[in-house]
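Data block below; observations after.
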Amino acid sequence: MTQTITVIRGDGIGPEIMDAALYVLDTMQLGLQYEFADAGLVALEKQGELLPQSTMDSIRKTRVALKSPLTTPVGEGFSSINVELRKRFDLYANVRPAKSFPNTKSRFPTGVDLITVRENTEGAYIGEGQSLSEDGETALLTQRVTRRGSERIVRYAFELARKTGRKKVTVVHKANILKSTSGLFLKTARAVATDYPDIECNEMIVDNTCMQLVMRPEQFDIIVTTNLFGDIISDLCAGLVGGLGLAPGANIGTDAAIFEAVHGTAPDIAGQGKANPCALLLGAAQMLDHLGMPDKATRLRDAIVATLEAKDSLTPDLGGTGNTMAFAKAIASRI
Ligand code: NAI
């Protein structure tokens, strides 16, 4: 059986890591067909739009996309295409695993195995109502949190715990200070938790969570939180286990799902063959789970671990001297 997926090669290191990822997926003979679509700066250059209708149509049709990072200018210019995609397809769950890997320059070469489940469609992160006063002295932002949005993400986290045999969900919030938004999230989470007596549920304030993650990350299993906190916490978790080159993320909705690396376009190393393809490959493994191919996903993850163990062709971020494609070939040879 063949399965068509939309492939977005992205900006910066995007095309390099996508070529590497597709090389590995092709080796696995999964019956995947690729529909290539543009987004971001490449799309702007080629088609005059950052998010062309043809790309939207492709994702709507295939319902699954593998996406490389896209540029978002800092502080000015166009808004994030990633945020736009999440909004347009209502990809409400951002699922970011962080697991210790061997031979990484990590503070925790063992003991970390957690998943951040981040609400992906509301809260401060989406930049609703952003404005700057005419004199440039005051900036405003609306932070909207809904019971529906909170309920579905917390339920997603508990269902994920059941599906993956995990035992604990930690609800991360700032309800002591942000009594309305974070308060509503926490109250809703407490109510959802009563439907899952088999899963332990605890609560933690976000600043304490950051300290606890750095000191004792092994206490966490699944973290569920609002959009901005999840954005920051999941990068912190990536840092615990060897950096952004090893951190994947899935954006899941009811009608579509987009799989990617957590990292950005890495303009400082773009075009040099230095980018680590593992984050996107681990995103591809999440995609295989989603497509009902968990055995293949496990084989892919195992091949990545075996390549890290053998220190075969590792990229410079992992202390090696290999390049992106050589690393991918080393992984492919172990599948
Ligand atoms: P970044 O993640 O691109 O880079 C941060 C640091 O990590 C850099 O030193 C980079 O070289 C390194 N790095 C990242 N990925 C790597 C990899 N695969 N292998 C080896 N080293 C890697 O973050 P930055 O510089 O803040 O953002 C650059 C651009 O990416 C911005 O326009 C930002 O908006 C965009 N971005 C896009 C994302 C997406 O499309 N999902 C996510 C995050 C940022």
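The values are calculated or read from the model by the stated rules, or taken from the named source; none is laboratory data. Values in this document were obtained by computation on a predicted structure and should not be read as measured data. Positions of Cβ are backbone-derived with ideal geometry, glycine not excepted, and every protein chain shown enters the neighbour counts. The area values use the complete protein model at the heavy-atom level, side chains included, leaving out ligands, DNA and RNA. Shrake-Rupley method; radii C 1.70, N 1.55, O 1.52, S 1.80 Å.
Quick check: at a probe of 1.4 Å, how many percent of the accessible area of the stretch 72-122 sits on carbon and sulfur atoms? Before the final figure, lay out each step's value.
On the way: 1130 of 2300 Å².
The value for the stretch 72-122 is 49 percent carbon and sulfur by accessible area.
Order D11, D90, D207, most accessible first, counting only protein heavy atoms with a 1.4 angstrom probe.
Values: D11 10, D90 55, D207 85 Å².
So the residues, ranked largest to smallest area, are D207, D90, D11.
Take the solvent-accessible surface of the protein heavy atoms, probe 1.4 Å, and return the percent of it on the stretch 163-300 that carbon and sulfur atoms account for. Let's see the in-between values first.
Working: 3080 of 5410 Å².
Looking at the stretch 163-300 in its full context, I get 57 percent from C and S.
Computing the accessible area with a 1.4 Å probe over protein heavy atoms, can you report the carbon and sulfur percentage for the stretch 1-46?
Values: 990 of 2040 Å².
In the stretch 1-46, the share of accessible area belonging to carbon and sulfur is 48 percent.
So if I take the centroid of the Cα atoms in the stretch 161-219 and the same for the stretch 106-157, what is the distance between those two points in Å?
Comparing the Cα centres of the stretch 161-219 and the stretch 106-157, I get a distance of 15 Å.
Considering only the other residues whose Cβ falls under 14 Å of the Cβ of S68, what net charge follows from Lys and Arg at +1 and Asp and Glu at -1?
On the way: positive: R9, K67; negative: D11, E16, D19, D38, E260.
Overall, the nearby charge balance is -3.
Taking only DSSP H segments of four or more residues, each worth -39500 (n - 2.57), what value at 222 nm results for the chain once the sum is divided by all its residues, to the nearest 500 deg cm²/dmol?
Details: 11 runs with 133 residues, N = 335.
It comes out at -12500 deg cm²/dmol, rounded to the nearest 500.
So for the stretch 239-335, averaging the separation of alpha carbon pairs under 8 Å that are six or more residues apart and normalising by length, what relative contact order in percent results?
On the way: 138 pairs, mean separation 24.1, N = 97.
So the answer I get is 25 percent.
Probe radius 1.4 Å, ligands and nucleic acids left out: which of C237, C201 has the largest accessible area, and how do the rest follow? Show your work: numbers first, answer last.
Details: C237 0, C201 55 Å².
Descending accessible area places them as C201, C237.
Taking Cα centroids, how far is the stretch 1-48 from the stretch 223-283 in Å?
Cα centroid to Cα centroid, the span is 16 Å.
Determine the percent antiparallel among the DSSP beta bridges restricted to the chain, to the nearest 5.
On the way: 17 of 44 bridges.
In the chain, DSSP labels about 40 percent of beta bridges as antiparallel.
Given charges of +1 on the Cβ of Lys and Arg and -1 on the Cβ of Asp and Glu, with all other atoms neutral, how large is the dipole of the chain about its Cα centre, in debye to the nearest 20? Spell out each step's value before the answer.
Numbers: 36 positive and 39 negative charges, 211 e Å.
With Lys and Arg at +1 and Asp and Glu at -1, about 1020 debye.
For the chain, report the accessible area per residue in Å² (1.4 Å probe, heavy atoms, rounded to an integer).
Numbers: 14810 Å² over 335 residues.
Value for the chain: 44 Å² per residue.
With the cut-off at 18 Å, tell me which of the pairs K99/K168; K46/K87; K105/K274; K274/K311 have Cα atoms farther apart than that.
Working: K99/K168 16 Å; K46/K87 24 Å; K105/K274 16 Å; K274/K311 15 Å.
Violating the 18 Å limit, Cα to Cα: K46/K87.
Compute the relative contact order of the chain as a whole-number percentage, counting only Cα pairs closer than 8 Å that sit 6 or more residues apart in sequence. Don't jump to the answer; show the numbers that get you there.
Values: 698 pairs, mean separation 74.6, N = 335.
Answer for the chain is 22 percent.
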